[in-house]
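Asks: Got a structure for you, written out below as structure tokens; questions coming shortly.
The values are calculated or read from the model by the stated rules, or taken from the named source; none is laboratory data. Owing to the predicted nature of the structure, the values given are computational and were not obtained by experimental measurement. Here the Cβ positions follow ideal geometry from the backbone for every residue, glycine too, while neighbour counts run over all protein chains shown.
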Amino acid sequence: MRPEPGQVLHFSEDPTITRFVPHVAPTSRQSDAYVWAVDHDRAPDYWFPRECPRAMAWTTPETSTVDRERILGPGGGARVHSIEYGWLERMRTVRLFAYRLPAERFRPFGSPVPNASVSTVEVRPLGPPEPVGDLLGLHEEAGIQLRIMNNLWEFWDAVIISTLGFSGIRLRNASPRP
């Protein structure tokens, strides 16, 4: 589930949204009100239940061979997403929807590399929400390793000091550090 050219996506478990109004999320570090969406490359970051903690890593031009093999593993592809066992059943059963939104209403957000798209004006979807379907299957089709772990923290700690690109989402919901 990726956006088509001229689109960005917003993922939600709510299939009844008819308009997206800029707001400040309770957990946001940003004080400005936004509508959030993602482009083609960042869409896989949201192939998860909303509250699911996940640690993700991928190769970049700066990634060393040592880090690639140490974190992604031999034959591991270019990207890995990790979740905890406690989220596996939810990952299998969640009903996730994608809303296609007009990209021209959004601007890149994040530095030094944008990790999202934001709009400061109300945005209406281009059509009805689309069921995302099998989240495990999406990862497989995209060639993204999906690791199921007892605890995310050891992996996360290794990723953030590596030369890989990385993102952690909803880590506050992860199991406590061992």
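Asks: Any residue in segment 38-47 that is more than 22 Å from PHE166 (Cβ to Cβ) and in contact (Cβ under 8 Å) with a residue 12 or more places away in the chain?
Replies: Within segment 38-47, none of the residues are more than 22 Å from PHE166 (Cβ to Cβ) and in contact (Cβ under 8 Å) with a residue 12 or more places away in the chain.
Asks: Would you check which residues across segment 6-29 are loosely packed, with under 10 Cβ neighbours inside 10 Å, free of Cβ contacts under 8 Å to residues at least 40 places away in the same chain and over 16 Å from LEU96 (Cα atoms) and list them?
Replies: Within segment 6-29, PRO26, ARG29 meet the criteria.
Asks: Sticking with this one: Quick one: in segment 116-141, of everything that is part of a loop (DSSP other than H, G, I, E, B) and touching a helix residue (DSSP H, G or I) at 6+ places or on another chain (Cβ under 8 Å), which residue is surrounded by the fewest Cβ atoms within 10 Å (Cβ to Cβ)?
Replies: This residue is VAL121.
Asks: Is it true that ARG100 is at pLDDT 95 or above, closer than 28 Å to THR16 by Cβ and part of a loop (DSSP other than H, G, I, E, B)?
Replies: Judged against the criteria, ARG100 is not a match.
Asks: Please go through segment 120-163 and give me each residue that is among the polar types (S, T, N, Q) and within 18 Å of the chain's Cα centre (by Cα), ordered by number.
Replies: Listed by number, the list holds a single entry, GLN145.
Asks: Within segment 142-153, does at least one residue satisfy the condition of being in a helix (DSSP H, G or I) and either without any contact (Cβ under 8 Å) to a residue 40 or more places away in the chain or surrounded by 15 or more Cβ atoms within 10 Å (Cβ to Cβ) (or both)?
Replies: So far as segment 142-153 goes, yes, one or more of its residues are in a helix (DSSP H, G or I) and either without any contact (Cβ under 8 Å) to a residue 40 or more places away in the chain or surrounded by 15 or more Cβ atoms within 10 Å (Cβ to Cβ) (or both).
Asks: Would you point out which residue out of ARG42, ARG29, ARG54 is more than 16 Å from the chain's Cα centre (by Cα) and of a type outside the set (Asp, Glu)?
Replies: Residue meeting the stated conditions: ARG29.
Asks: Further question: For segment 88-130, name all the residues that are touching a Lys or Arg at 6+ places or on another chain (Cβ under 8 Å) and free of Cβ contacts under 8 Å to residues at least 40 places away in the same chain.
Replies: Residue satisfying the conditions is GLY127 alone.
Asks: Follow-up. Kindly indicate whether any position in segment 84-96 is modelled with pLDDT of 95 or more, of a type in the set (S, T, N, Q) and loosely packed, with under 15 Cβ neighbours inside 10 Å.
Replies: Yes, segment 84-96 contains a residue that is modelled with pLDDT of 95 or more, of a type in the set (S, T, N, Q) and loosely packed, with under 15 Cβ neighbours inside 10 Å.
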